[in-house]
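Taken together, the values in this text are just the output of simple stated rules run on the coordinates, not laboratory data. Only a predicted model underlies this, so the values are computations on that prediction, with no experimental measurement involved. Using ideal geometry, Cβ is built from the backbone for each residue, glycine included, and neighbour counts are taken over all protein chains shown.
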Amino acid sequence: MSVRIHAIAKEIKKTSKEVLEILADRGYKLKSASSTIDNITAESLIDEFKLTGEQIDNADDKESDGKDLEKISTESSSAIPLVKSKEDLEREKKEKEDAEQEKQDSSSISSDGGAGDETESAQPTMAPPPPTTTASAPPPPVSAGKPQVPAPPVSSSKKDDESEEDGMVEGNLVIVKPPIVVRDFAVLLGLKPFQLISELMEMGIFASMNQTIEEDVARKIAKVKGFDLEIKHRGEKADQPKAKKEKIDEDDETLLQLRPPVVCILGHVDHGKTTLLDTIRKANVVAREAGGITQHVGSYQITHGQHKITFLDTPGHAAFSKIRERGANLTDVSVLVVAADDGFMPQTDEALKFAQRSQSTLIVAINKMDTKGADADKVKTQMQERSIPSEDWGGEIVTVPISALNGDNVDELLDMIILQAEVMELKANPDANSEGVVIEARQEVGRGPTATVIVQKGTLKIGDAIHCGEVYCKIKAMIDDQGNQVKSAPPSTPVNILGWSGVPAAGAIFKRCKNEREARREVDEYLQLEQEVESVPADDEPDESSGVDALFAAISKSKATTYKVILKADVRGSLEALQGSLELIESDKVLLEVLQGDVGPVTKNDIQMAKTSGADVIGFNVKLDNGVMGEAKHQGVQVFQNNIIYEIIDLIKDNMTDLLEPEVVEKKTGRAEVRQVFKLSKGRTVAGSMVMEGSITRNKGARLLRGNEVLAEGKIDTLKRFKDDATEVKAGFECGIHLEGFDRYEEGDVIESYELEKTRPNL
C-alpha cells in the first residue's frame, strides 16, 4: 500500500515541497507531489508531526484526519493493509481523555499557585508526546550497532504514567509490560517509531506504530541496540520476583497427600486378565476384543469401599512385550495372573521379569479355580522354583486363588491391593507441576489426536498446556474411563485428553508448561536436540573387521528382494507392537522395509505414497476413508486389513514369500535296470530294461548310472512295451528305453526317472 506526497502534506498542513525536503533529508529520493511512499513510513511521518501539537486544534480533528488518511491508504492498494484494531482506537481515545483530565488538573493547581497560569494555558489540551524533531531539523540516522539514549519525556506526570503502564528505563535495562506497542517501545529505546519500523522490516516483520510485536522480537531488537530487556506481565509487582513464587519444594512432606495405587494386570495370553477386570468394573470388555485377546492397554479407575484403585490391563500376546514392560514400569502393584490349569507360561515368566525389574509390589492371582484340572499347589510349586514363594509357603508373595469368571475371591484380591498400598504409603503433591505418562494414543475421527494418560504428579486441568516429546497440547477436554468429561485429574488418575497437535508416542513423559507458547518452544528444542543426536556419528573410529562385515552385508542386501509396506494402526501401542514383531522377521532372501507407520484410518495419501514407492498398505484394526478402495484399485495398490496381530504378521510373511521364485525340487518316480542292449538301424541302440521301482514314463527326465557315475541325463524319448509304444511302464514289467542323445548302454546300467516340482520357498 502507498500514499501520495500531496495527501501527506494535506494531513500535516504543510506544502508538498516541504514534505519532499523532509523526506530527502531522510534518504528518500522523490520527484514530485504525485510520488508515493509506503503506508508505514507515511503513517510514521504523519504521527510525528501531529504529535507535536502544532498542527492539531483538538482531538476530534485528529481523529477525523486519521480516518481520511486511512481511506486514502486503503484506496491506493491492498498489498499491506493499514488497519487499526478496535482495541487500538479505544486505547488512543482513553489516552486523549486522560491527557485532557491531567491538563485540567495541572491548570487548576497552577492557578492556585499563581505563577503558572500563563504558561499552562498556553499548552495544548492533549498531553504532549515524547519530543520529536521538526521538519527543519530531521533526526539523525540510527546506527545499527550503537545503543541509543532514550529521549526524555516532556512532563513528569507522563513519565510516571509510562513507567507504570508501558515501561521504564534504568541505565541499560529496559522494563516493559506486554502488549509491546511499536510506538511505545521505540520511545523506550530512544528511537523514532519509523526507525523501529525499519528495523522490523529488515527482520521481515511488517507492523505499524500502533501494532504490537512478540516478546522474543522485542528482545532481539533491544539486544541489537545495547539494552537488556526485562518483561513484566500485567499484575506482577516489581519488588516481588517471580522466582521466589515458583521455587516450591514439590517433595516437601507437608505438601504430599495419599494417592490411589496404580495396579498393572500381567500374565500369559488367555489366562483371564481382562475377564478379571470385567468382573471388577462390571463391564464386558472381552466381547469387544478382536480374536478374544487384548491388543491394547486399558486404564480404569474403580472405587472399592472408601479407596480408589487405578488398573492397567496389558496384552498377553508375545507381540506386545514392550507394552507389558511399559505397563509394569508405571505401576505400584503388579498383579500376576496365572491360570490354575496351565501354570506358568512363557509370557508369564516374561511379565514376572518386568514386575521384578520395576521393583513394584507383586501379588499373584491364581485364576480359573473353577475349571477342571485346576491345581493351586502346582502354581505355588512353580513360584517356589522361581524364588517367589507364596506367603502360606513361608514366602513374602501374597497369593490369592480366584475365579474371575464367577467373581470368587475378587473382593479379597482388592482388599490385598489396598492393604499393600497402605503399607507402601503412596503419596504425591497435587499442587506440583503436572507430570505423567502417555498410556495409549490414537487418531480419532471427529476428535483428532487423543491420548490416554496417567497423571503421576500434580493436577491436570482444562486449559493447561503440556508438552510431550515432539507434540504439545492445549487441553480442550478430559474424559475418564466411564466416558464422562472431567475438569481436573489428580495424581494416579487415568484420563483421555483432547487437543494435541499430533499423536504422541506411547510411553512418553508429558509435563505441564506455563502457556501454549512455552509448550511449543519445548517441542522445538526437543526436535532440535533430536536432529543434533542423529547427526552425530555412532562410532568415530570404526573397526576394520566391522567395516568388512558391513561391506558384505551391503552386498548381500543389494542382491536381496525388498518388500515395502506402509503400516496403519488404530493406536500407538498397537503400532509399536506390530513394528516390533516385524523387526523379528529374519530373512536373507527378502528384506522387509517399513516406509511409514502411523495411526488413523487408511487415506488416499497412503495410497499415493504406496503407488510411488511400490509398497503395500497394511491396516491393523483400522477403517478405510471413503473412496480409498477405488483409488487403490485404480493405482494398482494392494491394501490388506486385519484386526488380529498374529494374522497380520503371517500375512506379511506370506507376501514376502510370494516375491521369491518357486524352488524346484526333484522327485524320483522310477528305477529300471538294463538287462539287454538291442541295436537298431542307423546306429541307434535301445536298453531292454526291467522296471524295479515306481514307474518309467515317457518324456520325463531320467539319468543313466554306471556304478556311482552318471553317464547321461536327459529326457526319455522312446519307451516301448515289446513292439508297441508305451506311455508308462510300472514296476515288474519289461520295456525298451532310449534316452535322448545317448546310445552306449551296457548290461547292469541303472536308469532313474524323475520329475521336477515347484514348491513354495522358505524365507
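Quantify how much of the Cα-Cα distance distribution of the range 613-763 extends past 22 Å, in percent. The proportion of pairs with Cα distances above 22 Å equals 56 percent. Full extension of the chain segment joining residue 526 with residue 589 gains 18.8 nm, where the gain is 0.36 nm per residue of separation less the Cα-Cα distance. Normalised by 2.2 N^0.38 Å, where N is the number of residues, the C-alpha radius of gyration of the range 435-532 stands at 0.99.
Full extension of the chain between residue 353 and residue 203 yields a length gain of 48.3 nm, computed as 0.36 nm times the residue separation minus the alpha carbon distance. What FRET efficiency comes out for the pair residue 604/residue 95, r = Cβ-Cβ distance, R0 = 35 Å, nearest 0.05? After rounding to 0.05, the efficiency reads 0.05. Applying both filters, DSSP loop and at most 16 other Cβ atoms within 10 Å, to the trypsin sites (Lys or Arg not before Pro) of the range 502-534 gives 514. Pairs exceeding 24 Å between alpha-carbon atoms, taken from 568/653; 715/758; 29/96; 511/568; 273/653: 29/96; 511/568; 273/653. Using the Cβ-Cβ distance between residue 431 and residue 634 with R0 set to 60 Å, the FRET efficiency from 1/(1 + (r/R0)^6) comes to roughly 0.55.
Computed packing ranks the peptides 724-730, 707-713 as 724-730, 707-713, most packed first, by mean other Cβ atoms within 10 Å. Placing R0 at 35 angstrom, the Cβ-Cβ distance between residue 514 and residue 444 gives a FRET efficiency of 0.80 after rounding to 0.05.
The ellipsoid equivalent to the alpha-carbon distribution of the range 407-447 has semi-axes of 31, 22, 7 angstrom, derived from the gyration tensor eigenvalues as √(5λ) and listed largest first.
Please identify which residues in the range 407-434 have an amide N closer than 20 Å to a label point set 7 Å out from the Cα of residue 392, following the Cα→Cβ vector. What the label zone holds, given the 20 Å backbone N cut-off, is 407-420.
For the range 703-722, the residues whose backbone nitrogen is under 17 Å from a point 7 Å from the Cα of residue 668, taken along Cα to Cβ, are 703-714.
Annotation note: trypsin sites (Lys or Arg not before Pro) in the range 331-415 located in DSSP loop regions with a Cβ neighbour count of at most 11 within 10 Å are 372. Just the Cα atoms of the range 554-658, one point each, no solvent: what log10 I(q)/I(0) does Debye give at q = 0.15, 0.16 Å⁻¹? Reported log10 I(q)/I(0), two decimals: -0.59, -0.67.
Assuming charge only on the beta carbon of Lys and Arg (+1) and of Asp and Glu (-1), the dipole of the range 591-707 about its Cα centre is about 1640 debye to the nearest 20. The simple spin-label model puts a point 7 Å past each Cα toward its Cβ; for residue 476 and residue 423 those points are separated by 4.6 nm. With both labels modelled 7 Å from their Cα along Cα-to-Cβ, the residue 743 to residue 6 distance reads 11.8 nm.
Binning the C-alpha pair distances of the range 601-640 at 5 Å intervals from 0 yields a P(r) profile of 6, 30, 40, 20, 4 %, listed from the shortest bin outward. When the Kirkwood radius is taken over all Cα pairs of the range 354-426, what Stokes-Einstein diffusion coefficient follows at 37 °C and 0.692 mPa s, in µm²/s? My calculation gives 249 µm²/s for D. In plain terms, the chain from residue 462 to residue 25 could stretch by 151.7 nm, reckoned as 0.36 nm per residue minus the Cα-Cα distance.
Return the loop-located chymotrypsin sites (Phe, Trp or Tyr not before Pro) in the range 659-763 (DSSP other than H, G, I, E, B) with at most 12 other Cβ atoms within 10 Å of their own Cβ; answer none if there are none.
Hits after loop and neighbour filter: 722.
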